[in-house]
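Notes to accompany the following structure.
The values are calculated or read from the model by the stated rules, or taken from the named source; none is laboratory data. What you see is a predicted model; the values in this text were computed from it and never measured. Cβ coordinates were reconstructed from backbone atoms using ideal geometry, including for glycine residues, and neighbour counts include every protein chain displayed. Accessible surface is based on the protein model in full, side chains and every heavy atom, while ligands, DNA and RNA are left aside. Shrake-Rupley method; radii C 1.70, N 1.55, O 1.52, S 1.80 Å.
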Amino acid sequence: MNAVGLAGVRAPIKAFLMDQKRIAGLGNIYVAEALHRAGIHPVTPAGRVRRRAPELLAAIRAALEGGIARRGTTLRDYVDADGRSGDNAAALLVYGRAGEACSRCGVLIRRRVDAGRATFFCPGCQRR
Ligand SMILES: [Zn+2]
């Protein structure tokens with residue numbers, strides 16, 4: 001992903017990042033975490049995020065590296081190759097935390113559903 005790839009894209013940034021044709025393997029959890037880190041609201045048109053592409057890319061890297069370091073995020077049926085469940089869930093900033101206070105600004109985290117997928121975001125850090 002780069003600034004050129006975002007130009008003129010009207011799709012919401014969340015849908016853009018989850019489009020498997022563009023970025024392989026970036027799942028719902030990491031997209032939510034990366035958008036929170038970058039302070040970008042999930043329904044912002046992708047084209048409007050163009051100037052913040054470097055920031056967003058850094059946020060995606062940070063979210064993924066954090067997740068890998070902690071052996072992935074625990075989902076109900078997830079265990080790693082050694083049979084241990086991941087312990088990344090406790091480190092998630094917004095995903096699965098609707099109704100809890102944002103660790104950065106204290107505003108309550110919200111959940112919304114877009115295209116059948118749950119999205120978690122902080123209305124304080126991620127303004128439209
Ligand atoms: Zn916040």
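List of remarks:
- In segment 24-38, the residues that are in contact with a strand residue (DSSP E or B) (Cβ under 7 Å, 6 or more places away or on another chain) and at pLDDT 90 or above: A32, L35, H36
- Residues that are part of a loop (DSSP other than H, G, I, E, B) and open to solvent by less than 60 Å² (accessible area, probe 1.4 Å) within segment 108-128 comprise I109, C122, P123, G124, C125, Q126, listed in sequence order.
- Checking each residue in segment 7-23 for being modelled with pLDDT under 80 and among the aliphatic types (A, V, I, L, M) picks out only I23.
- Segment 99-128 - residue that is away from the ligand (no atom under 13 Å from the Cβ) and not basic (K, R) and, of those, nearest to the chain's Cα centre (by Cα): T119
- Check on T73, modelled with pLDDT under 65, touching a helix residue (DSSP H, G or I) at 6+ places or on another chain (Cβ under 9 Å), of a type in the set (V, I, T) and open to solvent by less than 80 Å² (accessible area, probe 1.4 Å): yes
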